[in-house]
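A.B. asks: Below is a structure I'd like to ask you about.
The values are calculated or read from the model by the stated rules, or taken from the named source; none is laboratory data. Owing to the predicted nature of the structure, the values given are computational and were not obtained by experimental measurement. Note: ideal-geometry Cβ built from the backbone for every residue, glycine included; neighbour counts use all protein chains shown. Keep in mind that these areas ignore ligands, DNA and RNA; they rest on the heavy atoms of the full protein, side chains included. Shrake-Rupley method; radii C 1.70, N 1.55, O 1.52, S 1.80 Å.
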Amino acid sequence: MKQKVVSLMLAAIALFTALPAMSQESTYKFDLGASLGMSGYLGDANTANLFANTGFSAAANFRYLINTRWAIRGSLMTAGLSGNSADMENLFPGGETYKFTSTVYDLGGRIEFNFFNYGIGESYRKMKRWSPYLSLGIGMTVASSSGTHIYANIPMGLGVKYKLKPRINLGLEWTMTKVFGDKVDGEILDDPYHIKSSFLKNTDWYSTIMLSISYEFGERCKNCFYVD
């Protein structure tokens, strides 16, 4: 499962960097919103089924709208994670089973790329009310299972957004977050097989699927657009 997720995300990043950057100026500068959804975990206590033990997730988001294609987003998220090795086919040494619950807090920034010129506007601007998008960033995870652990992370997302009204947006996003640490699921599950591996490989992941709503503000100067 992890290998498939990594391959998918690498393909998304390659597409993200290869797409052209044509864009129009967006009407507003900023976007503020909230998201709700469910979360899942991949790690030592769950190696295959991403949503075997789902939790609740919520986030607050703030965007700077560079133009109709690009945005910079800051977010603060909390998510509940859990896992149980009894549900796995693999056995731990001695046949022991482990389970955990954890609350994670995620603070980070991302860049978003819309596939279409996203917005509501005149036909000559070729704006669309909806657009799929990719997001990629860097952040910090604070996990509270068996003590407090702080790690860097890389969130990678794929979503679709829809402009309900000129200033109101709806969104649906799936995000996979790679955590550069192995104690999101607790101290006991840190290297349970006692096989040392690389720092990049022996780490935890978590994922969210979230619905969002946001409101745009900070109108740009209407007379600043260049028109042929």
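A.B. asks: Residues in the stretch 190-207: is at least one among the acidic types (Asp, Glu), part of a strand (DSSP E or B) and modelled with pLDDT of 85 or more?
C.D. replies: So far as the stretch 190-207 goes, no, none of its residues is among the acidic types (Asp, Glu), part of a strand (DSSP E or B) and modelled with pLDDT of 85 or more.
A.B. asks: Only residues that are under 30 Å from LYS128 (Cβ atoms) and either modelled with pLDDT under 85 or assigned to a loop (DSSP other than H, G, I, E, B) (or both): list them for the stretch 19-53, please.
C.D. replies: LEU19, PRO20, ALA21, MET22, SER23, GLN24, GLU25, SER26, THR27 - these are the residues of the stretch 19-53 that are under 30 Å from LYS128 (Cβ atoms) and either modelled with pLDDT under 85 or assigned to a loop (DSSP other than H, G, I, E, B) (or both).
A.B. asks: For residues that are under 14 Å from the mean Cα position of the chain (by Cα) and open to solvent by 70 Å² or more (accessible area, probe 1.4 Å), scanning just the stretch 100-113, find the one that is farthest from GLN24 (Cα to Cα).
C.D. replies: Per the criteria, the residue is TYR105.
A.B. asks: For the stretch 74-89, how many residues meet the condition of being buried (at least 21 other Cβ atoms within 10 Å of the Cβ) and modelled with pLDDT of 85 or more?
C.D. replies: Number of matching residues: 4.
A.B. asks: Residues of the stretch 143-153 being part of a strand (DSSP E or B) and open to solvent by 60 Å² or more (accessible area, probe 1.4 Å), which ones?
C.D. replies: Scanning the stretch 143-153 gives a single hit, ILE150.
A.B. asks: Quick check on my filter: what residues within the stretch 114-142 are among the aliphatic types (A, V, I, L, M), open to solvent by 60 Å² or more (accessible area, probe 1.4 Å) and modelled with pLDDT under 95?
C.D. replies: Residue satisfying the conditions is ILE120 alone.
A.B. asks: Just give me the residues in the stretch 35-50 being touching a residue at least 60 places away in the same chain (Cβ under 8 Å) and open to solvent by 50 Å² or more (accessible area, probe 1.4 Å), in sequence order.
C.D. replies: LEU36, MET38
A.B. asks: Tally time: how many residues in the stretch 54-73 are open to solvent by 50 Å² or more (accessible area, probe 1.4 Å) and part of a strand (DSSP E or B)?
C.D. replies: Within the stretch 54-73, residues that are open to solvent by 50 Å² or more (accessible area, probe 1.4 Å) and part of a strand (DSSP E or B) number 5.
A.B. asks: Give the stretch 141-169 a look and list any residue that's within 14 Å of the chain's Cα centre (by Cα) and of a type in the set (S, T, N, Q), or say none.
C.D. replies: Matches in the stretch 141-169: THR141, ASN153.
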